[in-house]
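Here, each number is a calculation from the coordinates, and none is a lab measurement. Computed from a prediction, not measured in an experiment: that's the story for all the values here. So basically every Cβ, Gly included, is an ideal-geometry build from the backbone, and we count neighbours across all protein chains shown.
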Amino acid sequence: MAEGKRYKGLILHKTVVMVGMMGAGKTAVGRALAAQLGVPFRDSDHEIEQAANMTIAEIFERDGEPFFRRKESQVIDRLLDGTPCVLSTGGGAFMSADNRQLISQKGVSVWLNADLEVLWSRVRHKDTRPLLRSADPKGTLKALYDKRVPQYQLADITVISKADRSLDEMAGIVRQTLLDTRPDVLESKP
């Protein structure tokens with residue numbers, strides 16, 4: 001659980017859905033934000049793995065990406081219908097127009113927008129990113145980035161993810177942006 005200050009008097013009315021590229025900080029910032037708001041944190045990939053009792057890679061291998069994407073949409077829909085929380089999604093979830101519409105109707109999407117060099121610095125030494133297991137992992141990351149950014153730009157809110165900001169600072173920026181722009185999602189009660 002992320003350490004940091006909890007801000008009392010805040011009421012979350014809708015689920016905050018963190019979207020963006022691998023390495024943008026969706027899970028880490030999402031956990032810090034959930035801690036600040038005093039609400040649950042959920043991860044759609046983790047929920048899928050638990051339900052299937054398999055890893056995402058095993059699901060892709062056994063059932064294919066279309067099956068995985070259907071299950072991902074079902075899980076996101078279920079989580080959006082539950083108690084408001086902070087939800088981290090896989091990098092590809094927001095590529096689906098149906099998911100984007102669902103998230104905007106039932107929650108709010110927050111794009112953690114990190115530039116390519118920040119993303120590369122965060123993922124280059126990790127072997128947990130199957131999409132980057134290629135002869136040119138940085139080129140693969142750039143191709144994914146170029147393909148996905150136009151969809152991420154459709155998010156309800158954009159927050160710039162900078163390498164020199166702490167998780168609590170990033171979560172605080174998301175929290176304040178929600179307070180300033182989306183009282184239907186997050187409001188402050190004295």
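General remarks:
- Compared with the dominant principal axis of the Cα atoms in the chain, helix 167-181 is inclined by about 60°.
- Amide H contacts of residue 42 (H built 1.01 Å from N, in plane; Pro and chain starts excluded): 86, 87, 88 sit under 5 Å, all sequence-distant by 5 or more or on other chains.
- The HN-Hα couplings worked out from phi for the range 98-115 by the Karplus form 6.51 cos²θ - 1.76 cosθ + 1.60 (θ = phi - 60°) are 5, 5, 4, 5, 4, 5, 5, 6, 9, x, 9, 9, 10, 8, 7, 8, 10, 6 Hz, whole numbers, x standing for Gly and Pro.
- Rel. contact order, % - alpha carbon contacts under 8 angstrom, at least six apart, the range 1-56: 40 percent
- In order along the range 84-92, the Karplus-derived 3J(HN,Hα) couplings, from 6.51 cos²θ - 1.76 cosθ + 1.60 at θ = phi - 60°, round to x, 8, 9, 10, 9, 10, x, x, x Hz, and Gly and Pro are given as x.
- Summary of the geometry: the range 76-94 and the range 1-75, compared by the centres of their Cα atoms, lie 6 Å apart.
- Considered as an equivalent ellipsoid built on the Cα gyration tensor, the range 25-66 has semi-axes of 27, 10, 6 Å, the largest given first.
- Along the range 183-190 the Karplus relation, 6.51 cos²θ - 1.76 cosθ + 1.60 evaluated at θ = phi - 60°, assigns HN-Hα couplings of x, 6, 9, 9, 10, 9, 10, x Hz to successive residues, with x for each Gly and Pro.
- Dipole check for the range 10-173: with +1 at the C-beta of Lys and Arg, -1 at the C-beta of Asp and Glu, and the Cα centre as origin, the magnitude is about 180 Debye.
- Computed from label points 7 Å out along Cα-Cβ, the spacing between residue 149 and residue 78 is 3.6 nm.
- Close amide H partners of residue 21, meaning residues 5 or more places away or on another chain with modelled amide H under 5 Å apart, are 114.
- Computed lengthening from residue 53 to residue 67, 0.36 nm per intervening residue step minus Cα-Cα distance: 3.5 nm
- Distant-in-sequence amide contacts of residue 158, defined by a placed amide H-H separation under 5 Å and a gap of 5 or more residues or a different chain, comprise 111.
- Degrees between helix 65-81 axis and first principal axis of the chain (Cα, 0 to 90, nearest 10): 10 degrees
- Sites residue 60 and residue 177, calculated FRET efficiency, Cβ-Cβ separation with R0 30 Å, nearest 0.05: 0.35
- Extreme residue, positive dipole direction of the chain, given options 113, 13, 173 (C-beta unit charges): 173
- Binning the alpha carbon pair distances of the chain at 10 angstrom intervals from zero yields the distribution 9, 37, 38, 14, 2, 0, expressed in whole percent.
- With contacts taken as Cα pairs under 8 Å and at least 6 residues apart, the chain reaches a relative contact order of 35 percent.
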